[in-house]
Amino acid sequence: MKTLKILSFFSVVFFTCLGLQPVFAQKSMTIKLGYGHSVEHPYHQGGLVFKDIVEKETNGRIRVELYPGSQLGTESEMTEQVKLGTLTGTITGRFEEMSIKLYGSGLPFMFRDLDHVEKMMRSPLGAQFFSYVEEKDLKMLAWTHSGFRQITNGVRVIRKPEDLKGLKLRTPPLDNILRTMQAFGASAVPLPFTEVYTALKTGVVDGQENPYINIWDSKFYEVQKYLTAINYIYIGSPFCVGLKWWKSLSAEDQKLIAKAGLACGDRVNSLTKEIDLRCKESIAKTGRTQITELTAKEWAAFVPRVKPVYDYYSQKGIVTEEFIKKVNAIK
């Protein structure tokens, strides 16, 4: 027994001198990453980057399994699975389950464009956003774009807020979107993303709102006559893993997974920028959906309608005038 202890000690010394970890100290594991969109979506392309980096740099010691297309449940269910530890990570914008403080990034007409968002997330304000999810037992590895959201419906062209009155529009169960639709005069109907196409086709709802990528990827253009290019709200989708799982990792593995997570985010964001307008063009080319471009005056008519949304989040202490000024000051 004494001899074994001595051999074990000298093995550790030998590997340490070579700058290597002893084989027996390395922890093998499988990372399971789930998300709601298909293999054609930027989320999956980002997931492939994450998988490639992690598996190559650990020589397969850490394996990554990707589950696109809501294979493991709805986005809300997957977020809860990550908290429980039955799923390692997910990419989604379920702020209610992550942190209501994230709604500060999702107020209507807050950002000019995706570059504006990225500059904010690289600032000290962004560092705060990354830390918010820890109160819900999550660790954010990256902030990914879902893109700016557009409004589609099968009833009429929308050019002014009054045109939305009485329309039943499917929304995700996100408080900022629900309140914005209420401010516009529409009737918001929260439904899981996997149910949207059927709900549109059968007339359960008149329309929906999503970025161009999602409208194209999920073929909503097949069952919607009209699309208004409004860029009314931006929603990000944090790439989160379980905080308890994260804390169980060695410092070396944390460093590697953080690096791979940021690379995943960069890939999603660059693809979103490239694909967003391409998807808009593809939707138009189908001839199934009429795209309405608002004039500056028409677009501006929607902005005052969302004041109650800002007032609500201000009263809740989620967003402040100082925060809004800082975001607006970013060039």
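Values in this text are rule-based calculations from the coordinates and carry no lab data. Everything quoted here is computed from the prediction, not taken from an experiment. Using ideal geometry, Cβ is built from the backbone for each residue, glycine included, and neighbour counts are taken over all protein chains shown.
Things to note:
- Averaging 1/r over every pair of different alpha carbons in region 126-245 and inverting the result gives a Kirkwood radius of 15.4 Å.
- In summary, the aspartates and glutamates within cross-link reach of K255, defined as a Cα separation below 16 angstrom excluding same-chain residues under 8 places away, comprise D52, E55, E57.
- In this structure, the pairs whose alpha-carbon distance is over 29 Å, taken from K51/K201; K51/K119; K83/K259; K56/K139; K32/K259, are K51/K201.
- Here region 222-331 is treated as an ellipsoid with the same Cα gyration tensor; its semi-axes, largest first and in whole Å, are 34, 25, 13.
- All-pairs Cα distance distribution in region 187-271, expressed in whole percent, bin size 5 Å: 3, 10, 17, 17, 13, 11, 10, 9, 6, 3, 1
- Sorted peptide list for 63-74, 88-99, criterion being average Cβ within 10 angstrom, highest first: 88-99, 63-74
- Residues in region 171-215 that a label on E77 would reach, taking backbone N under 12 Å of a point 7 Å out along Cα→Cβ: 192-195
- Whole-percent P(r), region 42-91, all Cα pairs, 10 Å bins from 0: 25, 49, 25, 1.
- By the compact-protein rule of thumb, 2.2 N^0.38 Å, the alpha-carbon radius of gyration of the chain corresponds to a ratio of 1.13.
- Peptide ranges 316-328, 107-119, 226-238, 201-213 listed from the most packed, as the mean C-beta count within 10 angstrom indicates: 226-238, 201-213, 107-119, 316-328
- Ratio Rg/Rh [Cα only; Rh per Kirkwood] for region 92-180: 1.02
- Charging the Cβ of each Asp and Glu at -1 and of each Lys and Arg at +1, and nothing else, the dipole of region 202-250 about its Cα centre rounds to 320 debye.
- The spread of Cα positions in region 285-328, taken along each principal axis and listed from longest to shortest, comes to 45, 21, 20 Å.
- Convex hull projection area averaged over all views, region 64-120, Cα basis, nm²: 5.2
- Placing +1 on the Cβ of every Lys and Arg and -1 on the Cβ of every Asp and Glu, with no other charges, gives region 212-323 a dipole of roughly 240 debye about its Cα centre.
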